[in-house]
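Following: one structure in structure tokens, then a few remarks.
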């Protein structure tokens, strides 16, 4: 009808139906990336609808019209076709039955007609015999004279059809009778009548006299024949009494069925006799012969009710020549058709049954069609309603989700959303081996602004800051407002940890820029940032958040407007650095230094096989200061020797303390700088310590860097040999980075190689590094050295290292450097399983 | 026409050369014997074959058996002189006598106990219906169809007509809806068996005989009525037969009966009894009463 309109409607419907599906999935599975797409799809449907508002309604109406019309036409067509088929079937069947019936009746009629003909012929012959007698009657010109009696008697003797013969002369006197019988008066009257009528008028035939009244004479039918002379005058009358018994004998074997009958009728239709299966009935009711042409030759058949009963009969009539007798052979139509009726009634019943079944089927199918149509329509209505409901629900849900996941003030994610997003990012981060940094950012003195200038200004400030933050991070980073003046940033996919510091620095800077005209106020705030690095500072979001938060408070404590890594080792040195040089000797003397320990774990069974002692400076003003901020100074100023001695003795003290506590502490390794190593007194000092604290040399291990060997290999060899002699083991730290020549390493009494953390870090990213690590391990094993992997931060690395045959591992993944009390607990446990 | 005439005359001249003239006794050759058609003609002929042969031997002439289509035909034949020796029914005898036929009754079959009926001294007219139909009394048959035998039959017409009128007070033709003549007792029973009629008046002798021969089962029919005793069928000859011939006939029927054994066996009769007109007096009276 209107295909264009129809197409538009279908397109709109399709897009509407597609929308909820594509929308619901990403939200459930937490893929925010598909959300914008979803919204696009959503907006597509209304756009189509609103663009051509009239078209859509019209199209819908047209479709429903087609549906309705389709149903009606289908039903009408089905009824029509079925009706036609039924009419045809009935027509053919009835026609066939009619034809069969006609044939049957025709056959029966032919049979009856031939029977009628035979009987008529037979009776005609009988009558002819009587006429022969009339010829014999006149003897010598006078009736009944001479030989007449003898001739008649002899003719009668051989004719069983006639019982008696009598002869009347012209004077109505009976001149002959074959037996002594009184003729009735009726007969005599009739004789007189015949004698007074010229032969031409009385016809060539004869007359039938009434039967005698005696019942015993019931079968006797007197027939009267005129006896004529040569001139055509009636000279006398011959009475021949027909014996109906003769006819019965002749015809009783004609089988016309149970209803068949042969009637012998007078010309006026009154019946002389009826012969049927029961026998002969004398004087049955008359039949109407008025319709039969008087001069009819041959048989005529009719189907009617000739006997005044309800039964229709097929009756065949045959008039007898030259005598007022008619033979009627009849049979009930019902009997003729009986077999056919049985067969046909069966066919009819079958047809009726089939018709009813078909009609019911059509009715049922039509009903079903109609019901289906109604269902379809109500379904469409329900669908439309549902679609509307779904649309409403979807927009409601979207709004709720927006509310739930976004901070309405700044348009940033809220805490919940941030945690979700961060978690999903970290899940991917575990596979990428890039660095992820989680930052907590707190505005300095924001509360004061809020309190003094009002929430309004505070909100404006937050919005401004939010915009700056958003502008300062990449699209891939996650920015959220956790509440109040607290923000969180997840920096994703960093190549270097140092990048985090750069971003943090930038954020501090942009936040610190003045904010102009916030409702008339020009404001400036600072930001304190805490940074936790994944995975070293935590394997999950919770841990990272806690550590970032802690680091942020560290920033606030450190003077605000700055950023702090949770891993203090990453924090850059500050201006306090300048006091180190002066302060360090006193720190050593005043025991401001403490030791942290990081366990080394045997990869085979994760048993703690050793500790590395790391020095920390518990600065009274600046808090804990890490070695990278003062070791270099100590080296430069020569205080490194004193520091080294302190560390060595502190190790011994610690060992003794644990031994006194009954702890089975593993050997402690400490770093020995090149300067120390070249100090000739080192072996003696160590020996003293061992003696002083009553320690086995094996309980100590020194770690040296390659650089320590470069300056003076000979002196270093000497010192190392002396230390080895004391029982100490020697490890080569940060191996792989420098220029180590294996040939000279071989000559050194080194028992352990420590693979530099940079190789371990890149194990999964760089196939080259993996190869290097593998070859270092196999090399070291060839040199009978143990291999320790440093900086292990993930399970993947452990797996790889274990596969490569590494002996021991050390890193944040197992334990970061911890103060003595924690270390003591770890020693108590004895193992550090990563799993 | 003249050809037909001459042909007829010729034929007529060949038969009965001396009938009309002779007032003296007759000695017909062949002797013409007719029986009323109580049974089917072929059965009748085969059963009576011993009698025909016996008569031919004893009388020394051919016996011409005339098949009569009706009882009346035999009577008329006797009256006309076309039949010399006949086996009539009692009523037909009465009919013939009424019409002053010159006939001499001389024998009838001796009686014997039948399988159903007491037929030692005569037989009965019996009204029967089919046992499986609901016609249990004559009253129930009112308006039904009934079969008679022949208008001149004693048990199959005369007695029924008389007795039904007496019992029901109305003529047989009115009491029954439809009255048909079967022609013989056999055919009446057949019509009844086939259901062509509801009831039939037949001779008890025929019922006995048909049951004996297996044509009829004993429980097939229900007997509603039976008449008083009727004398057995009379054998008679025309009174104009010469005495020697008549005597020989009597002798053959009543004395020299040994060759008739097969006939007696077939009909279960002990033999012939000598009878005279008195035996049928009652019947003749009844007939006259019925046909004044």
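The values are calculated or read from the model by the stated rules, or taken from the named source; none is laboratory data. Everything numeric in this text was worked out from a predicted model, so none of it was measured. Glycine also receives a Cβ, built like all others from the backbone with ideal geometry; neighbour counts cover every protein chain displayed.
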Residue count for segment B:177-187, restricted to those that are surrounded by 24 or more Cβ atoms within 10 Å (Cβ to Cβ) and either without any contact (Cβ under 8 Å) to a residue 24 or more places away in the chain or part of a loop (DSSP other than H, G, I, E, B) (or both)
3
Quick check on residue A:421: is it more than 23 Å from residue A:557 (Cβ to Cβ), outside any strand (DSSP E or B) and in contact (Cβ under 8 Å) with a residue 60 or more places away in the chain?
yes
Per-region count, segment B:51-87, residues assigned to a helix (DSSP H, G or I), touching a helix residue (DSSP H, G or I) at 6+ places or on another chain (Cβ under 6 Å) and more than 14 Å from every other protein chain (Cβ to nearest Cβ):
5
Failed condition for residue A:511, given (1) exposed (fewer than 15 other Cβ atoms within 10 Å of the Cβ); (2) part of a helix (DSSP H, G or I), with all others met?
(1)
Go through (1) surrounded by fewer than 19 Cβ atoms within 10 Å (Cβ to Cβ); (2) under 22 Å from residue B:274 (Cα atoms); (3) away from every other protein chain (no Cβ under 14 Å) and name the single condition residue B:124 misses.
(1)
Output yes when any residue across segment B:195-204 is assigned to a helix (DSSP H, G or I), closer than 21 Å to residue B:122 by Cα, touching a strand residue (DSSP E or B) at 6+ places or on another chain (Cβ under 9 Å) and more than 9 Å from chain A (Cβ to nearest Cβ), and no when none is.
yes
Within segment B:88-108, can you find the residues that are farther than 12 Å from residue A:164 by Cβ and facing chain A (nearest Cβ under 8 Å)?
B:91, B:95, B:100, B:101
All conditions in (1) out of contact with any helix residue (DSSP H, G or I) (no Cβ under 6 Å at 6 or more places or on another chain); (2) at pLDDT below 90; (3) surrounded by 17 or more Cβ atoms within 10 Å (Cβ to Cβ) are true of residue B:14 except (3)
If only one of B:173, B:190 is surrounded by fewer than 20 Cβ atoms within 10 Å (Cβ to Cβ), assigned to a helix (DSSP H, G or I) and within 14 Å of chain A (Cβ to nearest Cβ), which one is it?
B:173
Looking at (1) within 14 Å of another protein chain (Cβ to nearest Cβ); (2) part of a loop (DSSP other than H, G, I, E, B); (3) surrounded by 21 or more Cβ atoms within 10 Å (Cβ to Cβ), which one does residue A:307 not meet, given that it meets all the others?
(3)
Since residue A:530 meets every condition but one in (1) buried (at least 16 other Cβ atoms within 10 Å of the Cβ); (2) on the phi > 0 side of the Ramachandran plot, which condition does it not meet?
(2)
As an exercise: evaluate residue B:94 against (1) in contact (Cβ under 8 Å) with a residue 40 or more places away in the chain; (2) outside the structural domain of residue B:67 (by TED's automatic domain parsing) and give the number of the one condition it does not meet.
(2)
Matching residues, segment A:149-198, being within 10 Å of another protein chain (Cβ to nearest Cβ) and part of a helix (DSSP H, G or I)
A:149, A:150, A:151, A:152, A:153, A:154, A:155, A:156, A:157
How many residues does segment B:226-259 contain that are exposed (fewer than 15 other Cβ atoms within 10 Å of the Cβ) and not in a helix (DSSP H, G or I)?
4
Of the residues in segment A:373-391, those that are free of Cβ contacts under 8 Å to residues at least 12 places away in the same chain and under 19 Å from residue A:71 (Cβ atoms) come to A:374, A:375, A:378, A:379, A:381, A:382, A:383
Say we look at segment A:248-280 and pick out the residues that are facing chain B (nearest Cβ under 8 Å) and under 27 Å from residue A:180 (Cα atoms); which of these is surrounded by the most Cβ atoms within 10 Å (Cβ to Cβ)?
A:280
Considering residues of segment A:569-586 that are crowded, with 17+ Cβ neighbours inside 10 Å and under 29 Å from residue A:490 (Cβ atoms) only, the residue modelled with the highest pLDDT
A:570
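Table: residues versus (1) within 23 Å of residue A:461 (Cα to Cα); (2) surrounded by 18 or more Cβ atoms within 10 Å (Cβ to Cβ).
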position	(1), (2)
A:482	yes, yes
A:499	no, no
A:524	yes, no
A:535	no, yes
Would you say residue A:216 is in contact with a helix residue (DSSP H, G or I) (Cβ under 9 Å, 6 or more places away or on another chain), more than 30 Å from residue A:113 (Cα to Cα) and buried (at least 18 other Cβ atoms within 10 Å of the Cβ)?
yes
For segment B:127-164, how many residues meet the condition of being more than 11 Å from chain A (Cβ to nearest Cβ) and within 26 Å of the chain's Cα centre (by Cα)?
9
Among the listed residues B:217, B:222, which satisfies the condition of being over 23 Å from the mean Cα position of the chain (by Cα), surrounded by fewer than 19 Cβ atoms within 10 Å (Cβ to Cβ) and either in a loop (DSSP other than H, G, I, E, B) or within 14 Å of chain A (Cβ to nearest Cβ) (or both)?
B:217
Where residue A:589 falls short, out of the listed (1) at pLDDT below 85; (2) touching a strand residue (DSSP E or B) at 6+ places or on another chain (Cβ under 6 Å):
(2)
If we scan segment A:540-547, do we find a residue that is surrounded by fewer than 20 Cβ atoms within 10 Å (Cβ to Cβ) and at pLDDT below 85?
no
